[in-house]
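The values are calculated or read from the model by the stated rules, or taken from the named source; none is laboratory data. Given the structure is predicted, the values throughout are model-derived calculations rather than measurements. Counting neighbours? That spans all protein chains shown, and the Cβs are built from the backbone with ideal geometry, glycine included. Protein only, heavy atoms only, side chains kept; ligands, DNA and RNA dropped before computing areas. Shrake-Rupley method; radii C 1.70, N 1.55, O 1.52, S 1.80 Å.
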Amino acid sequence: MVAPRSPLPFATARTVPARHGVMLGMSLLEMVLVLALVAALAMMAAMAMNGGMDGLRLRSAGKALAAELRYTRTRAISTGTVQQLQINPGSRRWQGADGHHGELPQALTVRFTGAGQLQTRRDEGVIRFFEDGASSGGRIELRAGKAVWRIDVAWITGEVKAGPLHEGAG
């Protein structure tokens with residue numbers, strides 16, 4: 001009697017003889033450990049290229065302050081009233097429209113350049129936005145080590161530009 005044939009050639013099971021002491025493939029734990037090691041190396045490389053945590057704080061604070069300046073300008077236009085943002089470079093504190101306020105990280109150095117006539121105190125800078133979107137203008141520089149983030153406010157248009165200051169840029 002002939003053994004019944006399987007209708008499909010791939011349906012037959014083959015067995016491979018096991019070798020004693022030799023493991024084929026990798027375990028899930030080994031795969032996870034390798035992926036974690038690669039992720040950690042990639043994160044360290046990214047931090048080294050971007051200035052580490054101080055660079056991250058610098059970018060974050062710069063973007064947040066620029067966003068607050070844009071908000072203050074928008075409030076001046078939408079309400080039809082003059083709005084201003086005050087910044088104290090020594091204490092790294094600022095106050096904007098509608099009571100918005102904040103503090104910049106201790107690791108940063110702040111420098112303000114603007115219209116002296118608007119300053120009520122010597123250690124304070126003011127950027128004022130008018131109903132038509134124009135402003136008194138000004139510049140805020142945030143520093144962390146050698147890295148600089150510059151925020152410029154145009155006095156005619158009130159446009160806020162922010163970004164890192166690169167070597168050789170004025």
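Anything in region 151-160 that is in contact (Cβ under 8 Å) with a residue 24 or more places away in the chain and assigned to a strand (DSSP E or B)? List them, or say none.
151, 153, 160
Looking only at strands (runs of 3 or more DSSP E) that fall completely inside region 55-125, which ones have 3 or more residues that are among the polar types (S, T, N, Q)?
The strands (runs of 3 or more DSSP E) meeting that bar are 83-88.
In region 88-129, what residues are out of contact with any His (no Cβ under 9 Å at 6 or more places or on another chain), of a type in the set (Phe, Trp, Tyr) and either open to solvent by 30 Å² or more (accessible area, probe 1.4 Å) or at pLDDT below 90 (or both)?
The answer is 112, and nothing else.
Run residue 59 past the list (1) within 30 Å of residue 161 (Cβ to Cβ); (2) at pLDDT 85 or above; (3) open to solvent by less than 70 Å² (accessible area, probe 1.4 Å) and report the number of the one that doesn't hold.
All conditions are met except number (3).
Are there any pairs, at least 6 apart or on different chains, whose C-beta atoms fall under 8 Å, with the first in region 95-108 and under 15 Å from residue 63 (Cα atoms) and without any contact (Cβ under 8 Å) to a residue 24 or more places away in the chain and the second open to solvent by 20 Å² or more (accessible area, probe 1.4 Å) and assigned to a strand (DSSP E or B), and if so, which?
Listed by first residue and then by second, the contacts come to 101/93; 101/94; 101/95; 103/93; 103/94.
Hey, among 16, 34, which residue is at pLDDT below 95 and either part of a loop (DSSP other than H, G, I, E, B) or buried (at least 16 other Cβ atoms within 10 Å of the Cβ) (or both)?
16
For region 137-147, name all the residues that are open to solvent by less than 30 Å² (accessible area, probe 1.4 Å) and either in contact (Cβ under 8 Å) with a residue 40 or more places away in the chain or in a loop (DSSP other than H, G, I, E, B) (or both).
Once the filter is applied, which keeps residues that are open to solvent by less than 30 Å² (accessible area, probe 1.4 Å) and either in contact (Cβ under 8 Å) with a residue 40 or more places away in the chain or in a loop (DSSP other than H, G, I, E, B) (or both), region 137-147 yields 137, 140, 142, 144.
For residue 133, only one of the following conditions fails: (1) outside any strand (DSSP E or B); (2) in contact (Cβ under 8 Å) with a residue 24 or more places away in the chain; (3) open to solvent by 70 Å² or more (accessible area, probe 1.4 Å). What is its number?
Condition (3) is where residue 133 drops out.
Are any of the residues in region 41-48 outside any loop (DSSP other than H, G, I, E, B) and at pLDDT 90 or above?
yes
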